[in-house]
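Trainee: Supplied in C-alpha cells, the structure appears directly below.
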Amino acid sequence: PPLQLSPRAGKPEMQQALETQQAEQQAMAQASALSDLADLIYQSDYKIEVGDPDAPHTVVEFFDYNCGFCRRSLNLFEDTVANHPDVKFIFKEYPILSEDSLQAHKVSIAISQARPDLYEAFHVALMGASGRANGDKARAIALDLGMDEAAIDEALSQESIDNAIRETYRIADALGINGTPGFIIGDEVVPGAISMDDLEARYDNLRQCGSTRCG
C-alpha cells in the first residue's frame with residue numbers, strides 16, 4: 001500500500017511528549033487550585049448565583065461584558081436555566097478587556113448585591129445589548145429594570161465591589177484562566193467557549209458519575 005503520512009508527523013516526538021507533560025501538569029495544578037479555592041469559588045460572600053440554590057450541579061462562568069464569545073455563549077446560560085433545573089450558574093465578573101468593561105461590571109456587581117432579584121434580567125439585557133458595554137449603558141439598563149438611581153450610587157460606593165473583582169482575578173489566575181469566557185463545570189476547568197452539545201454531554205456525565213469525564 002502507498003505510504004501514508006502519520007497524523008503525528010511533522011511534530012517531533014520530544015515536542016509532543018513535552019506538550020503532554022505540560023498538559024498533565026496544568027491539569028494537576030488546576031485540580032489543586034479547585035480544591036484549595038473551593039470556598040471562594042462556590043461560597044464567596046460575593047457569589048452571584050442564578051438557579052435553584054439546591055441544584056446538585058454547578059457551572060461557574062468567568063465573563064467580560066465586552067467579550068464577543070461571552071455574548072454568543074449567553075444561550076448556554078438561558079438553555080440551562082430553561083431545561084436543566086438540576087444545574088445552577090455562578091457568575092464570576094471578570095473585566096479584563098477595557099476600562100469600559102470594568103465600569104460595566106462594577107454596576108453589575110452593585111446590582112447583584114443591592115437587588116439580586118434583578119440580576120438575571122440585567123445580565124441578559126446587558127449581555128444581549130448591541131454596541132459596547134460601559135458604565136452608562138449598564139446604569140441605564142438597571143434604571144429601566146426599576147432600580148433606584150440612589151440605590152445604584154450607594155451600592156457602587158461600597159468597597160465590596162472592588163473586593164469582588166480582586167477575588168475573581170485571584171481565582172482566575174490560580175486556575176490559569178487568562179481570557180473569556182472561561183468555565184468550571186463540575187471538576188473540570190474549560191478555558192474558552194464551549195458548544196451546547198459539549199455542555200450537554202458534560203451534564204450527562206455529571207449525573208452519571210459525578211465528573212465531566214466518566215470512566
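Read-outs: derived from the displayed coordinates by stated rules, not from any lab. Predicted, not measured: the structure shown is a model, and the values here were computed from it. Please note: Cβ atoms are built from the backbone with ideal geometry, for glycine as well, and neighbour counts cover all protein chains shown.
Trainee: How far, in degrees from 0 to 90, does helix 135-144 lean away from the longest principal axis of the Cα atoms of the chain, to the nearest 10?
Mentor: 60 degrees
Trainee: Need the C-alpha centroid separation for segment 60-124 versus segment 126-194, integer Å.
Mentor: If you average the Cα positions of each part, the centres end up 6 Å apart.
Trainee: Below 25 Å Cα-Cα, how many Lys pairs turn up in the chain? Only count pairs eight or more apart in sequence, or on different chains, if you could.
Mentor: Values: Lys47/Lys88; Lys47/Lys92; Lys47/Lys106; Lys47/Lys137; Lys88/Lys106; Lys92/Lys106; Lys92/Lys137; Lys106/Lys137.
So the count of such lysine pairs works out to 8.
Trainee: When only Cα pairs under 8 Å and 6 or more residues apart are kept, what is the percent relative contact order across segment 138-215? Provide the component values of the computation, followed by the final result.
Mentor: On the way: 46 pairs, mean separation 12.4, N = 78.
Across segment 138-215, relative contact order equals 16 percent.
Trainee: Which residue fluctuates most in the GNM of the chain (Cα springs below 10 Å): Tyr42, Tyr65, Tyr169?
Mentor: Among Tyr42, Tyr65, Tyr169, the largest GNM mean-square fluctuation belongs to Tyr42.
Trainee: Along Cα→Cβ, 7 Å out, is where each label goes; now give me the distance between the ones at Asp86 and Ala29 in nm to one decimal.
Mentor: Simple spin-label model gives 3.4 nm for this pair.
Trainee: Please get the size of the charge dipole for the chain, origin at its Cα centre, with Cβ charges of +1 on Lys and Arg and -1 on Asp and Glu, quoted in debye to the nearest 20. Write down the numbers at each step before the final one.
Mentor: Working: 17 positive and 35 negative charges, 148 e Å.
Dipole magnitude for the chain comes out near 720 debye.
Trainee: When the dipole is taken about the Cα centre of segment 154-215, and only Lys, Arg (+1) and Asp, Glu (-1) are charged at their Cβ, what size is it in debye, to the nearest 20?
Mentor: Taking the Cα centre of segment 154-215 as origin, the dipole is about 200 debye.
Trainee: Sticking with this one: Could you tell me which residue out of Gly68, Val124, Gly51 lies farthest along the dipole of the chain toward its positive end? Charges go on the beta carbon: Lys and Arg +1, Asp and Glu -1, centred on the Cα centre.
Mentor: Gly68
Trainee: Could you check which residue among Gln113, Gln43, Gln25 shows the biggest mean-square fluctuation in a GNM of the chain with a 10 Å Cα cutoff?
Mentor: Fluctuation is largest for Gln25.
Trainee: Taking the Cα of Leu145, stepping 7 Å toward and past its beta carbon, and measuring to each backbone N in segment 71-95: which are under 20 Å?
Mentor: Within reach of a label on Leu145: 71-83, 88-95.
Trainee: Taking 8 Å as the Cα distance limit and 6 or more residues as the minimum spacing, I'd like the relative contact order of the chain as a percentage. Show your work: numbers first, answer last.
Mentor: Values: 272 pairs, mean separation 49.3, N = 215.
Averaging sequence separation for qualifying contacts and normalising by length gives 23 percent for the chain.
Trainee: So how much slack lies between Arg207 and Asp173, counting 0.36 nm per residue of separation and subtracting their Cα-Cα distance, in nm?
Mentor: Working: separation 34, 0.36 × 34 = 12.24 nm, distance 2.89 nm.
Full extension from Arg207 to Asp173 adds 9.3 nm.
Trainee: Please check: in the Gaussian network model of the chain (C-alpha springs, under 10 Å), which one of Glu13, Glu200, Glu61 has the largest mean-square fluctuation.
Mentor: Fluctuation is largest for Glu13.
Trainee: Could you state the angle between the C-alpha long axis of helix 116-128 and the longest principal axis of the C-alpha atoms of the chain, as a value from 0 to 90 degrees rounded to the nearest 10?
Mentor: For helix 116-128, the angle is close to 60 degrees.
Trainee: Once you put a point 7 Å from the Cα of Lys47 and another 7 Å from the Cα of Cys214, both along the Cβ direction, what distance in nm separates them?
Mentor: 2.6 nm
Trainee: Moving on. Mind sorting out which of (i) 35, 19, 18; (ii) 26, 21, 16; (iii) 30, 20, 18 is the real semi-axes √(5λ) of the Cα gyration tensor in Å computed from the coordinates?
Mentor: It is the value labelled (i).
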